[in-house]
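Shown next, in structure tokens, is the structure this report addresses.
The values are calculated or read from the model by the stated rules, or taken from the named source; none is laboratory data. The structure displayed is predicted, hence computed values, not measured ones. Here the Cβ positions follow ideal geometry from the backbone for every residue, glycine too, while neighbour counts run over all protein chains shown. Note: areas computed on protein heavy atoms with side chains; ligands, DNA, RNA excluded. Shrake-Rupley method; radii C 1.70, N 1.55, O 1.52, S 1.80 Å.
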Amino acid sequence: SQTIHQWPATLVQPVGSPLSLECTVEGTSNPNLYWYRQAAGRGLQLLFYSVGIGQISSEVPQNLSASRPQDRQFILSSKKLLLSDSGFYLCAWSVFSGGEQYFGPGTRLTVT
Amino acid sequence: LAKTTQPISMDSYEGQEVNITCSHNNIATNDYITWYQQFPSQGPRFIIQGYKTKVTNEVASLFIPADRKSSTLSLPRVSLSDTAVYYCLVGEMNRDDKIIFGKGTRLHILP
């Protein structure tokens, strides 16, 4: 069966520090991968999606970036965090574009 | 891009049938309607997806009228564990851009 992992589960970082969140999927090949952010009390905002290794599409211009170095690995990064980057970050995968998405457990990031 | 409108919150009682309506007036021909459920501090979970008329699975039904400008998620005989936020999404199959979850409907089930 397929599983999706995210780490760390929680993270507290000072403003201006770098960020690296990792997501890996097991049990499937060539998944579509997604990064979302959910601010407190808000809906999910799609940040990046990827349909293959090295293929990244950005939905929202910001100080975040994403990379997909391996088929089932998706990384969210920032060189310098802002207070507004605080939130609940969710990784998801799907078999095909527009299809059902399966979400990971999420990382709660607090920027202080 | 089809925008969706849902009630901010709803209350119901255990054992009742709950219907959550989503408005999507400018839905496009190639758009599908998808519903997700989210519990606090967890990622959303897929509930159901449909294009027209009625779709039913083991947990819910989705009713879509002929004009497809709205859809209704129906949860039969809810329990306390159905308390969650429910999101309605409209998007084109085979496309990932412009996915919008919105704020969803916060459903509170009372004993």
> Quick one: putting +1 on the C-beta of Lys and Arg, -1 on the C-beta of Asp and Glu, what dipole do you get for the protein assembly as shown around its Cα centre, in Debye to the nearest 20?
Replying inline: 420 debye
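Nearest 5 percent is fine: what portion of the DSSP beta bridges confined to the protein assembly as shown is antiparallel? Present the calculation step by step, with values, prior to reporting the outcome.
Numbers: 69 of 78 bridges.
Here the share of antiparallel DSSP bridges comes out near 90 percent.
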> Given a Förster radius of 45 Å and the C-beta distance between B:Tyr51 and B:Glu14 as r, what FRET efficiency does 1/(1 + (r/R0)^6) yield to the nearest 0.05?
Replying inline: 0.90
> Nearest-5 percent of antiparallel DSSP beta bridges in region B:9-110?
Replying inline: 85 percent
>> Cut-off 19 Å, label point 7 angstrom out along Cα-to-Cβ of A:Leu82: give me the residues of region A:1-18 whose amide nitrogen falls inside.
In response: A:13-18
> What FRET efficiency comes out for the pair B:Glu58/A:Arg42, r = Cβ-Cβ distance, R0 = 25 Å, nearest 0.05?
Replying inline: 0.25
> Which residues in region B:10-37 place their backbone N less than 20 Å from a point set 7 Å from the Cα of A:Thr28 along the Cα-to-Cβ direction?
Replying inline: B:32-37
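Grab the other residues whose beta carbon is less than 13 angstrom from that of A:Pro31, score K and R as +1, D and E as -1, and report the net.
On the way: positive: A:Arg68, A:Arg72; negative: A:Glu26, A:Asp71, A:Glu100, B:Asp96.
Computed value for this residue: -2.
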> So which GluC sites (Glu not before Pro) in region A:6-112 are both in a DSSP loop and have at most 16 other Cβ atoms within 10 Å of their Cβ?
Replying inline: A:Glu100
> Looking at B:Ser61, B:Ser81, A:Thr10, which one has the Cα that reaches farthest to the positive end of the dipole of the protein assembly as shown (charges on Cβ: Lys, Arg +1; Asp, Glu -1)?
Replying inline: A:Thr10
> Given C-alpha coordinates of region A:35-112, what is the ratio Rg to Rh with the Kirkwood estimate of Rh?
Replying inline: 0.95
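What's the FRET efficiency of A:Ser67 with B:Gln42 using the Cβ-Cβ distance as r and R₀ = 30 Å, to the nearest 0.05? Mind dumping the intermediate values first?
Values: r = 25 Å, r/R0 = 0.85.
Calculated transfer efficiency: 0.75.
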>> Taking θ = phi - 60°, what integer Hz values does the Karplus form 6.51 cos²θ - 1.76 cosθ + 1.60 yield along region B:33-38, in sequence order, with x for Gly and Pro?
In response: 10, 10, 10, 10, 10, 10
>> At 7 Å along Cα-to-Cβ for each site, give me the label-to-label distance between A:Ile53 and A:Val95 in nm.
In response: 2.4 nm
> What nm value, rounded to one decimal, do you get for the distance between B:Met93 and A:Thr10 when each label is placed 7 Å out toward the C-beta?
Replying inline: 4.3 nm
> Rounded to a whole number, what % of the accessible area of region B:9-110 do carbon and sulfur atoms account for, probe 1.4 Å?
Replying inline: 48 percent
